[in-house]
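Notes to accompany the following structure.
Nothing in this text is a laboratory measurement; each read-out follows from the coordinates by a stated rule. Owing to the predicted nature of the structure, the values given are computational and were not obtained by experimental measurement. Cβ: placed from backbone, ideal geometry, glycine included. Neighbour counts: every protein chain shown.
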Amino acid sequence: MDFFQRNMFLIELKRQCSLHTNPEMEVLYVKKGKVSLICGAGEMYEVTENSVVFILPYHIHKFIPSEDIEATVFMFPFSIHREFTDVNKNPDLDGKIFRPDKISRKYIDRLFCDYIAQPTPFLEKGLFFAFLNLISINDFKSTRSYSGGDFMHLTAKYVYDHIAEAITASDISKSIGYTPRELSNKFKETLGIKLGDFIGSVRIQKACDLLLTSDMSVTEISGICGFGSLRNFNRIFLLKVGETPSEYRKSLKKVMVK
């Protein structure tokens, strides 16, 4: 089982992250400052103080936080979000901003504090459904139909599921029914970046997540994220992030390891 599918985990959002995708349902909770959320084909949303936003599994996105940011990204695995399949497949939920009232914020904050003090599966689900309750309170309804087989979703899922491997456009195209040229052109047209750059971005972001949420060695993370060698991992990470993997791990607070 993939590391990310076993437990919920939390990340304090302190700096900009690269364009990436995850198998979890992500919930961004901004308590102070603001976050620019970029989804899919370049849609941008401003998530401000005391706001919550959902990012669906395998949906491509990036966060750009303000300097005074106080925000947490909750990563809910399939074992939790599968119980809410209808919402999980609702495309209108992606990037939808909710602003909890004072009572809802107090309830979420209390669950969060309890979870930090003593994490349990019950509190994991409690937090998840506390966030989902915002959808019910706001009478949120979908206006679009969604197919899990859409181009971006399948491309992102393939990249994430095979990130430890040497991925080519030919590999992905065979899986999703496009020629390699069609795939590369459509990806560049949709996201404005090359497919190879996106794959590299996903490798970096997964490495960042593992550096912050696991006790795996840098060498292990290098292999899991498909960098080929530790030397290559250190070189690319330094180029993209501005510090080595070891320096990055030390520089940011690890919120939780399970």
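Give me the distance in nm between label points sitting 7 Å out from Cα along the Cα-to-Cβ direction at Lys186 and Phe122, one decimal.
4.7
Tabulate in residue order the Karplus-calculated ³J(HN,Hα) for region 220-232, using 6.51 cos²θ - 1.76 cosθ + 1.60 with θ = phi - 60°, rounded to whole Hz; enter x for Gly and Pro.
In residue order, the calculated couplings are 4, 5, 4, x, 4, 8, x, 8, x, 8, 5, 4, 5 Hz.
Quick one: how many lysine pairs does region 151-251 have with C-alpha atoms less than 28 Å apart and a gap of 8 or more or different chains? Give me the count, please.
20
Mind listing the long-range amide H neighbours of Ile60? Cut-off is under 5 Å, sequence gap 5 or more, other chains count too, H placed in the peptide plane at 1.01 Å from N.
So Ile60 has HN proximity to Gly40.
For region 111-120, what does the Karplus curve 6.51 cos²θ - 1.76 cosθ + 1.60, with θ = phi - 60°, yield as ³J(HN,Hα) per residue in whole Hz, taken in order and with x for Gly and Pro?
Karplus values, whole Hz, x for Gly and Pro: 4, 4, 4, 4, 5, 5, 5, 7, x, 9.
Along the principal axes of its C-alpha atoms, what lengths does region 157-231 span, in descending order and rounded to whole Å?
Result for region 157-231: principal-axis Cα extents of 40, 22, 21 Å.
Compute the FRET efficiency between Glu49 and Ser251 as 1/(1 + (r/R0)^6), taking r as their Cβ-Cβ distance and R0 = 30 Å, and round to the nearest 0.05.
0.75
Multiplying the sequence separation of Glu165 and Glu12 by 0.36 nm and subtracting their Cα-Cα distance, what value in nm do you get?
Length difference between fully extended and current span is 52.2 nm.
Hey, what do the phi angles of region 25-36 turn into as Karplus ³J(HN,Hα) couplings, whole Hz, using 6.51/-1.76/1.60 and θ = phi - 60°, x for Gly and Pro?
8, 9, 10, 9, 10, 9, 9, 8, x, 8, 10, 8
Contour minus end-to-end for Arg105 and Ser217, with contour as 0.36 nm per residue of separation and end-to-end as the Cα-Cα distance?
36.6 nm
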